[in-house]
Structures are given as structure tokens and as C-alpha cells.
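A.B. asks: Quick one: structure below, then a few questions.
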Amino acid sequence: MRDDRQSEAVGIVGDAVLRAILNLVADLSLTQLSRGAALKRYRQDGIEISGISAIRDLDVRVPDRIVRRVCRRWISIAGATGVATSVTGPVGLAADVPTLLVNNLLAIGEIAGVYGFDLADPDEHAYAVALLFAQRSERRGQPHLLDRLQEVARELQDGVSWEDIRDEKAGRWLRNAARDMAWYLVKRKLAQIIPGIGVLVAGGVNAQFTARTCREARKVYRQRFVEEEGPVGEEVVA
């Protein structure tokens, strides 16, 4: 019975994840929100930044400090959203997972912006979406991951319909990746559809997923900041 319920959930959530990923890849407005949020973080810290590129002139310890607060905020939001969207049955998961992915991309975008990377660049945008797959261990470090996303992103942003590319190599890869992500999340979130404990589990799974996403994004963008000659200081862990 549990296997049947899991298979049903994966089918429904897989479709929802694919739609969410397509929207995230094609829609650059989310990255503009992330850029504005990153600059706002510096102003709140009393640091006036003329633009994203100017962040590269800072000591890396400055964005390190700000990113820690960004991560705490998004983890808190994820937990609260998971509780708010807990609904018994796979339909509840299909509503919750896309929200989780959108919030995680916003978190990645804000972390990227704090380290001086502008997701208004289509390649940076695809790179950020690729980080959503970082928790799939089989895909971590896979050389074609970013290439596939960039290919799909460019076509969608140029107005090519999903129906025209879904059976191309990149389209088939994205459909498989969506199903993989659905399995990954359903296995961790299935307990939330059990009456009596669902709300508690839903919030916890979302918070854990977002914490891992933030940790991966923080590591990746910090490393890129340092490699591109940002002044280096020892990171202080809060």
C-alpha cells in the first residue's frame, strides 16, 4: 500500500516538479528579485554598494557574514511554508514541492548576489537552477548538468515552446531530472501525508532541504568569489 501511495505521489509530484523547473529556467524575473534582495542586505548592514559587480572589491568576510543571515532567513521561511502547505495526500505534495523549489532558487539567487554574481546573466541563471540538483548525489559534479540547463534555458527564453524541445536530448534529460527530483523529495516527504504527524514532518523536510541548498550555494559562490581574486580572509562560522 505504501509503495502504491509513493508511486502515485511520484507521478503527481514529478509533473509538478517539471512544470516548476520549466518556469524557473524560463523566468528571469525571479533572479531580478534576488539581485535587489542582495543589495538591500548590504544597505541594511550599513554598506552602500553601487552594483553587484562592486561587491568583488570587498573582503570575502563581508559577504560571508551577510550570507549567514540570508541562509537563516530562507531556512525559516521553508519550515513555515512546509507547515502552511501540508495537505493530506499527493495533491498536497504537488502544491508544496514547486513552492519549495521557487524559494530555494530565490535563496540561491540572493546568495549569488551577495557574493557578487548577477543572475540577470542567462548563464548565471542556469547555473543557479543547476544548484537545485546538488542534493541529488548521482548528479553532483555531472559534467553535462549545466550544459543541458543552459541549452534548455536559451531555447525557452528565445520563445521556443516546451513541446518543440521536450523530445530533444536536453528536453529528455530535463524530464528525467524532474522525475529524479520527485523521487528524492517524495521519499523524504511521504511521512507528511500520514494523519497526525504530517504538519510537523512537512516543515522539517523543507527546512532540511533548504539548509542543504544554502550550504551548497554558499560553498560554490564563496569559492568562485575567492578564485576571481576577491580579498581573502579566514571565514568566521557563526
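Read-outs: derived from the displayed coordinates by stated rules, not from any lab. The shown structure was predicted, so the numbers you read here are calculated from the model rather than taken from an experiment. Reconstructed Cβ throughout: ideal geometry from the backbone, glycine too, with neighbour counts over all protein chains shown.
A.B. asks: Can you tell me which lysines have their Cα less than 28 Å from the Cα of LYS187? Leave out same-chain residues fewer than eight positions away.
C.D. replies: Within the straight-line limit of under 28 Å, LYS187 reaches these lysines: LYS169, LYS219.
A.B. asks: From the backbone phi of region 49-63, what are the Karplus-calculated ³J(HN,Hα) couplings (6.51 cos²θ - 1.76 cosθ + 1.60, θ = phi - 60°) in whole Hz, Gly and Pro given as x?
C.D. replies: Result, ordered by residue: 10, 6, x, 4, 5, 5, 5, 5, 7, 7, 5, 4, 5, 5, x Hz.
A.B. asks: Moving on. For ASP57 and LEU33, what is the calculated FRET efficiency with R₀ set at 22 Å and r taken between the beta-carbons, to the nearest 0.05?
C.D. replies: 0.35
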